[in-house]
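The next block holds one structure in the form of structure tokens; read it before the comments.
The values are calculated or read from the model by the stated rules, or taken from the named source; none is laboratory data. Values in this document were obtained by computation on a predicted structure and should not be read as measured data. No Cβ is skipped: glycine too gets one built from the backbone with ideal geometry, and neighbour counts run over all protein chains shown. With ligands, DNA and RNA removed, areas are computed over all heavy atoms of the protein, side chains included. Shrake-Rupley method; radii C 1.70, N 1.55, O 1.52, S 1.80 Å.
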Amino acid sequence: MKRNLDIKSEDNFMKRFKYYKSNKPEPSLDKVVRIQYNVPIEVNNISNIIEDDSRTKLLGLRNFTDWKTYTFNKHSGLFLIANPFTSLGQRLWIRKCLEDYPRKPNKTNIDIEKHIEDWWREIHKNDELDRKLQKKLRWTTLGYHHNWDTKVYCEKNRNVFPLELAELCDVVSQYLGYIHFKAQAAIVNYYHMGSTLSAHTDHSEVNLEAPLLSFSFGQSAIFLIGGQEKSYEPSAILLNSGDILVMSKEARLCYHAVPKILQASNQPWNNYEELIQIADNDVKTKYINDETFINEINRNADNKEWSQFSSYVEKSRINVNVRQVLMENQDRLDN
Ligand SMILES: O=C(O)CCC(=O)C(=O)O
């Protein structure tokens, strides 16, 4: 049975959250903005032909001319770039989030319980996969580590931000015209089929003018975004693997949440025509060594090499949420 959506009250956000979170009955998706099916009236296609960035291929992205970018009538400053990644690109980033980013010195939610140097290696240490430990990973933080208690970043709680992720964010932010954006902190969220993320705003960064870039991989999600108060009626947007959501300007400080993970309708990381290895070319990158990186991306074309990552992502969603912390003229925090 589908539930009806006639909700009028102060805390519209919470009511909508509960509606979409429900399993019994399942919520109706009729009012969810789903860009892959058609271009709904709530959004505007703002894709324009701009000169490509020579780094796109190396980072697993299609040419800028193939990117489809949308803005939202109700949410000024919100952008959705509908999966600009190739299949090989999706595999690369999924693998990074599983194999590299949860490794020390990065922090994870498991740290309060026990020290694990390398989570991915640990869960595959024995012949049988450690499913319990696999499920335990809910987040890892990169660069300036988010402090979940104080919500204050500090210099002592900082590691080098992954260079390839900084390069990816640089390409995306240049594309949108945020030419000074610097990726300095990230939260990688790991969701299982029943996971949710409750309503919150992201306001810990000193620089709230810089956009927030959010990458989704694996299973799909209903993403809710409202206004700066919880009374504002939120919109529900379906996020699929490869989608990039950008919260800037007015949207940067708005309440948002993930009430539901949904089974993806396809697996864009397994599009076999798009698993073509990239050739050696001399790309001018800002942060990374392109030769090493070409090997890193190409090895994922091999299905055997990629199978363990595939099993994970068939039942999970990964979200990489990237922020600039400092003001443009700052290179460190005072604390
Ligand atoms: O998973 C998502 O799409 C959103 C994550 C998020 O809002 C956060 O990490 O602050």
Report task. State whether one or more residues within region 106-120 are open to solvent by 40 Å² or more (accessible area, probe 1.4 Å), over 20 Å from W269 (Cβ atoms) and within 19 Å of the chain's Cα centre (by Cα). Result -> yes
Requested in this report: Give me a count of the residues in region 198-223 that are more than 10 Å from the ligand (Cβ to nearest atom) and of a type outside the set (G, A, S).
Outcome: 10
Query raised in the report: Among the candidates S216, S198, which residue alone is open to solvent by less than 60 Å² (accessible area, probe 1.4 Å) and touching a residue at least 24 places away in the same chain (Cβ under 8 Å)?
Result: S216
Query - Residue among T71, T65 that alone is without any contact (Cβ under 8 Å) to a residue 24 or more places away in the chain and either part of a helix (DSSP H, G or I) or closer than 22 Å to D170 by Cα (or both) - result: T65
Query raised in the report: From the set of residues in region 167-197 that are closer than 23 Å to A82 by Cβ, hydrophobic (A, V, I, L, M, F, W, C) and in contact with a Gly (Cβ under 9 Å, 6 or more places away or on another chain), which is farthest from the ligand (Cβ to nearest atom)?
Result: L168
**Report entry** Residue match in region 178-187 (condition: out of contact with any strand residue (DSSP E or B) (no Cβ under 6 Å at 6 or more places or on another chain), part of a strand (DSSP E or B) and open to solvent by 20 Å² or more (accessible area, probe 1.4 Å))
**Finding:** no
Report summary line: Checked pairs for region 165-192, first in contact (Cβ under 8 Å) with a residue 24 or more places away in the chain, second of a type in the set (K, R) and within 15 Å of the ligand (Cβ to nearest atom), C-beta under 6 Å and 6 or more apart or across chains, list as A185/R323; Y190/R138; Y191/R317
